[in-house]
1. For the stretch 20-51, state which GluC sites (Glu not before Pro) are in a DSSP loop and have at most 14 other beta carbons lying within 10 Å of their beta carbon.
2. Specify the angular offset, from 0 to 90 degrees and rounded to the nearest 10, of the alpha carbon long axis of helix 12-21 from the longest principal axis of the alpha carbons in the chain.
3. I need the phi-derived Karplus couplings for the stretch 31-44: 6.51 cos²θ - 1.76 cosθ + 1.60, θ = phi - 60°, integer Hz, Gly and Pro marked x.
4. Å³ per residue of the Cα convex hull, for the chain?
Amino acid sequence: MERIIYAGELDIEAYERFFFEKLSMVPGIQEVNSIVALSEIKSTTSLPVLP
């Protein structure tokens, strides 16, 4: 299994080119699943501090 994570503004046309021109050409790849977030609800990297 291979994971590709992209944290930036989504360019769906660029992803489509990457998928058809690169990813789908890799020998042994039979299936690709994509998950795309449509919006960001909350963004934080901090952990809660307990007293």
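Read-outs throughout are calculated quantities, based only on the coordinates presented, and are distinct from any laboratory measurement. Computed from a predicted model, the values in this text were never measured in an experiment. No Cβ is skipped: glycine too gets one built from the backbone with ideal geometry, and neighbour counts run over all protein chains shown.
1. Values: sites: Glu21, Glu31, Glu40; in loops: Glu31, Glu40.
The qualifying sites are Glu31, Glu40.
2. With rounding to tens, the tilt is 40 degrees.
3. 8, 10, 10, 10, 10, 10, 7, 7, 7, 9, 8, 8, 10, 7
4. Working: hull volume 5.8 nm³, N = 51.
Cα-based convex hull of the chain, divided per residue, equals 114 Å³.
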